[in-house]
Amino acid sequence: MNSWLKNILWLVFVISIFVVMSFINSSKQNQVMNLPNIKITPFEDQVFLTKDDMTVLLKGQGLIADNMKYSEIDFNKIEKFISQMNEIKSVKVFVNSGNEWEIKIELKQAIARLFNLDGSSCYLDKVGNLLPTSTNYTAHVVTVNGYINETDLTKNVETVINNDSLKTIEIIDDLYAISNYVCLNNFLSAQITHIYINANKEFELIPRVGNQRILFGKAENIAGKFKKLEVFYKEGISNAGWQKYDTINVMYKNQVVCSKR
């Protein structure tokens, strides 16, 4: 076959592919899409947002609607909108074959619930961000009250830690250090249910059993203090009895000081 004939046939083939792809793309752009299949993965049972919540939010923003064409849906904008929500850890938007598409969402993990001086409430999450409360669910986490008033949900622990000026006036970094340590320890997370912050920015812990006040003090030597407390719970209280002590003080080096009722 002459080379010029081969070139003509190759050109016809390329043009044909281009025409077919253009037709397919045009058909896809005009295709009416279903509402997205929204899949939400919470941490354990912490369902701060549901599929219905997300559908209402996206419809309210005009990002989704019934009978929208493919060309009318801004998938990148949807992903960006969801990713900026406080409760969201990660989000991915996928377009499947036909008129199906989906949104996969992973929710953040709350480790403490804060009850502020002004009466408002919010959560502190696993990486030090603040989350709004949910009308759907109340997380079973350590509760916190006292001299604390965290109302700015854009604040995060990392910003405070990296700013020497903020570290001297903020309490959220210390609270995060203590509550996260409790969350990561199975024994402590089963024992400690409440944290109180006094006017001196010192921490008091309330256990699930025994009705004692655990005087923890400043957020210093956290691991050492909790180690002393754990040993005391497993050895000291088990011998003396849960109801014998009123306060348990772990602020002093190498000792646990208790006061009887």
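If I ask for residues that are touching an Asp or Glu at 6+ places or on another chain (Cβ under 8 Å) and within 23 Å of E87 (Cβ to Cβ), which ones from segment 156-170 would you list?
Correct list: V157, V160, I161.
Restricting attention to segment 109-141, which residues are part of a loop (DSSP other than H, G, I, E, B) and among the polar types (S, T, N, Q)?
Q109, N116, S120, T133, S134, T135, N136, T138
If you scan segment 57-86, which residues turn out to be more than 13 Å from W101 (Cα to Cα) and surrounded by 17 or more Cβ atoms within 10 Å (Cβ to Cβ)?
L58, L63, I82, M85
Just give me the residues in segment 93-116 being more than 19 Å from I82 (Cβ to Cβ), modelled with pLDDT of 95 or more and not β-branched (V, I, T), in sequence order.
A112, R113, L114, F115, N116
Search segment 133-150 for residues that are over 15 Å from S120 (Cβ atoms) and pair each with any residue that is among the hydroxyl-bearing types (S, T, Y) and buried (at least 17 other Cβ atoms within 10 Å of the Cβ) when their beta-carbon atoms are under 7 Å apart and the residues are at least 6 apart or on different chains.
A139/Y123; V142/S179
Which of the numbered conditions does S120 fail, given that it passes all the others? Conditions: (1) surrounded by fewer than 17 Cβ atoms within 10 Å (Cβ to Cβ); (2) of a type in the set (S, T, N, Q); (3) under 15 Å from F48 (Cα atoms).
If we test S120 against (1) surrounded by fewer than 17 Cβ atoms within 10 Å (Cβ to Cβ); (2) of a type in the set (S, T, N, Q); (3) under 15 Å from F48 (Cα atoms), just (3) comes out false.
Look through L49, L63 and report the one residue that is modelled with pLDDT of 95 or more, in a loop (DSSP other than H, G, I, E, B) and not assigned by TED's automatic domain parsing to the domain that holds T133.
L63
Within segment 232-243, identify whether any single residue is surrounded by 14 or more Cβ atoms within 10 Å (Cβ to Cβ), more than 30 Å from D52 (Cα to Cα) and under 25 Å from the mean Cα position of the chain (by Cα), and answer yes or no. Outline the logic, then answer.
If we filter segment 232-243 for residues that are surrounded by 14 or more Cβ atoms within 10 Å (Cβ to Cβ), which is where we start, we get 232-233, 236-237.
Filter once more, so that each one left must be more than 30 Å from D52 (Cα to Cα): 232-233, 236-237.
Checking the rest, the ones that are also under 25 Å from the mean Cα position of the chain (by Cα) come to none.
No: segment 232-243 contains no residue that is surrounded by 14 or more Cβ atoms within 10 Å (Cβ to Cβ), more than 30 Å from D52 (Cα to Cα) and under 25 Å from the mean Cα position of the chain (by Cα).
Looking at segment 200-214 only, could you name the residues that are modelled with pLDDT under 95 and on the phi < 0 side of the Ramachandran plot? Step through it out loud before you land on a result.
Restricting attention to segment 200-214, the residues satisfying the condition of being modelled with pLDDT under 95 are 200-201, 206-214.
Those that are modelled with pLDDT under 95 and on the phi < 0 side of the Ramachandran plot: N200, I206, P207, R208, V209, Q212, R213, I214.
Does E102 meet the test of being over 26 Å from V160 (Cβ atoms), of a type in the set (D, E, K, R) and not in a strand (DSSP E or B)?
Spelling it out, it is not the case that E102 is over 26 Å from V160 (Cβ atoms), of a type in the set (D, E, K, R) and not in a strand (DSSP E or B).
Under the condition of being assigned to a loop (DSSP other than H, G, I, E, B) and either in the same structural domain as Q84 (by TED's automatic domain parsing) or of a type outside the set (S, T, N, Q) (or both), which residue from segment 142-153 is nearest to S83 (Cα to Cα)?
Checking each candidate, the answer is L153.
Provide a single number: the residues in segment 104-117 that are loosely packed, with under 15 Cβ neighbours inside 10 Å and touching an Asp or Glu at 6+ places or on another chain (Cβ under 8 Å).
0
If you scan segment 180-212, which residues turn out to be closer than 15 Å to F226 by Cα and of a type in the set (S, T, N, Q)?
Correct list: N180, N185, N186, S189, Q191, T193.
Would you tally the residues in segment 144-169 being among the charged types (D, E, K, R) and loosely packed, with under 14 Cβ neighbours inside 10 Å?
Of the residues in segment 144-169, 4 are among the charged types (D, E, K, R) and loosely packed, with under 14 Cβ neighbours inside 10 Å.
Check D118, D125 and return the single one that is over 18 Å from the mean Cα position of the chain (by Cα) and charged (D, E, K, R).
One residue alone meets the criteria, D118.
The values are calculated or read from the model by the stated rules, or taken from the named source; none is laboratory data. Bear in mind that the values here come from a model prediction, so they are computed numbers and not experimental data. So basically every Cβ, Gly included, is an ideal-geometry build from the backbone, and we count neighbours across all protein chains shown.
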